[in-house]
Amino acid sequence: MRDIVRFFDKFTFALLLLLALAGILLIYSAGHSTQETNYLKQAAWLAVSLAGFLAVFSMKLDFIFRKSFSVYVLLLVILALQLVVGHTVARTKSWFRLWGIGFQFSEFVKVPLALFLARLLARHKEIDGWAFMKVMAVILAPVALIVLQPDMGVSFILCSFIPLVILLKKVRPALLVIAFLLFALGGFAAWHSLLKPYQKERIISFLNPAQYKDSTGYHIIQSRIAIGSGGLSGKGYRKGSQSRYQFLPARHTDFIISVVGEELGFVAIGTLFFVFFLVFYRQLRFNFENDEEFYYVYLFNGLIFFQFLVNVAMAIGFFPVLGVSLPFVSYGGSSLLSFFIGEAIIFRVKISNYLA
């Protein structure tokens, strides 16, 4: 026990806790003018997330990796049931309500998917045709179910595992060409037969927000105004006019970084970026005992990094508004719990390597 406390990465854990607590303060500021209580819900979810972190951290790594496929399959079943009996919020059937609490199970897929992909990658020296088909099937199965909800944000983030696999493992060039052609055809088919008009507007509006200023472009315009008006040091905590007068939509979720920019300025945004950089640096700076651990740590951190970049790009109008939250900071209990569970496994990997 003493060794666990000694080698536990207390500094990185403090950084993650700092991000989550900063998120609660920002959520409070984003909704204080309307007396929203989202910050209290987020604080409760943080307590649950820390309990989940401790529970998973106490498990053995071989047990976690062995059970990853079973949990993955269970979540696929839940996602399929969700399409039939799920609770609809903001046009998406992404929620189950249990005991009056909303659970977004698509968020929980991230961890077992990263674990199972890590096991698959560890079994192959290079990705041949059969291995590539297995990897694609494992990733696209939950993506397809989530697209049917439809939740473009989470499904797009899960697709980030595809380029991560390609970066981490040697893939035959012919397979990359085939995959690119299949995705191009799939995207073309989805655009013409699956996506609804409002979803198409979301995708193209970032190119010219002014043309869609009364619909999907409104989010981007207001976000840019909020960030730009904050300047270097911001207007002050709880003094952001875009948030206070509710001009900025989804200010506690997708556009939480716009609240940072308006109220606390570019300095605070830079500090937030630096904290994320420190987390990634410390998460990847150690030796790994086996390939499974290596692939999991890089896959899960890669997903967080990708989601971070997409959220920031959305806020400044460089990417379509798909409903992607800022990891650890934005409002969302299921997302917070999922990330802390995923991090618990990384912390366990680090402890195992130090104690080996």
Checklist entry - Within segment 304-329, whose backbone N sits under 19 Å from a point 7 Å along Cα→Cβ of residue 225? => result 314-318, 321
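Work out which helices of the chain, taken as complete DSSP H runs, extend at least 27 Å along their axis over the Cα atoms and score a mean Kyte-Doolittle of -1.0 or more, then list them.
On the way: long enough: 10-31 (32 Å, 2.03); 38-57 (28 Å, 1.19); 173-193 (30 Å, 1.80); 256-284 (32 Å, 1.70); 291-315 (36 Å, 0.91); 333-355 (33 Å, 1.00).
Span-like helices, by this rule, are 10-31, 38-57, 173-193, 256-284, 291-315, 333-355.
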Item to check | Straight-distance crosslink candidates among lysines, where the alpha carbon sits under 28 Å from residue 213 and sequence neighbours closer than 8 are dropped | outcome: 93, 196, 200, 235, 239
Next on the checklist: Can you give me the distance in nm between label points at residue 98 and residue 159, each placed 7 Å from the Cα along the Cα-to-Cβ direction?
Outcome noted: 3.0 nm
Item to check | Residue order, fewest to most surrounding Cβ atoms within 10 angstrom, among 62, 214, 291, 9 | outcome: 214, 62, 291, 9
Checklist outcome for this item: Listing 263, 126 by rising number of other beta-carbon atoms within 10 angstrom, fewest first, gives 126, 263
Checklist entry - In a Debye calculation with equal point scatterers on the alpha-carbon sites of the chain and no solvent, what is log10 I(q)/I(0) at q = 0.07, 0.15 Å⁻¹? => result -0.30, -1.43
Checklist entry - Measuring from label point to label point, each 7 Å out along Cα→Cβ, what is the residue 48 to residue 192 span in nm? => result 4.4 nm
Checklist outcome for this item: Between the residues 112, 160, 309, the Cα farthest towards the positive end of the dipole of the chain, that dipole coming from +1 and -1 charges on the beta-carbon of Lys, Arg, Asp and Glu, is from 112
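Once fully extended, how much extra length lies between residue 172 and residue 87, figured as 0.36 nm per residue of separation less the alpha-carbon to alpha-carbon distance?
Working: separation 85, 0.36 × 85 = 30.60 nm, distance 4.24 nm.
26.4 nm is the gain from fully extending residue 172 to residue 87.
Local charge sum around residue 224 (other residues, Cβ-Cβ under 15 Å, Lys/Arg +1, Asp/Glu -1)? If you can, show how the numbers build up before the last one.
Values: positive: 213, 251; negative: 254, 262.
Spelling it out: positives minus negatives among the neighbours equals 0.
Treat the count of other C-beta atoms within 10 Å as a stand-in for reagent exposure and order 166, 146 from fewest to most. Write out the running numbers ahead of the final one.
Working: 166 16, 146 26.
In order of increasing Cβ crowding within 10 Å: 166, 146.
Quote the charge dipole size of the chain about the Cα centre in Debye, to the nearest 20; the model charges only the Cβ of Lys and Arg (+1) and of Asp and Glu (-1). Please list the in-between numbers first.
Numbers: 32 positive and 18 negative charges, 24 e Å.
Once rounded to the nearest 20, the dipole reads 120 debye.
How high is the FRET efficiency from residue 128 to residue 66, r the C-beta distance, R0 25 Å, rounded to 0.05? Could the numbers behind the result be given before it?
Values: r = 25 Å, r/R0 = 0.99.
It comes to 0.50.
Can you compute the helix-only [θ] at 222 nm over the chain? Use -39500 (n - 2.57) per DSSP H run of at least 4 residues, normalise by all residues, nearest 500 deg cm²/dmol.
Numbers: 17 runs with 248 residues, N = 356.
Mean residue ellipticity at 222 nm (helix-derived): -22500 deg cm²/dmol.
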Checklist entry - With r defined as the distance between the Cβ atoms of residue 34 and residue 277 and R0 fixed at 45 Å, what FRET efficiency is calculated, to the nearest 0.05? => result 0.85
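All of the numbers you see were taken from the coordinates with simple rules; none came from a lab. Keep in mind the model is a prediction, meaning the values are calculated, not measured. Please note: Cβ atoms are built from the backbone with ideal geometry, for glycine as well, and neighbour counts cover all protein chains shown.
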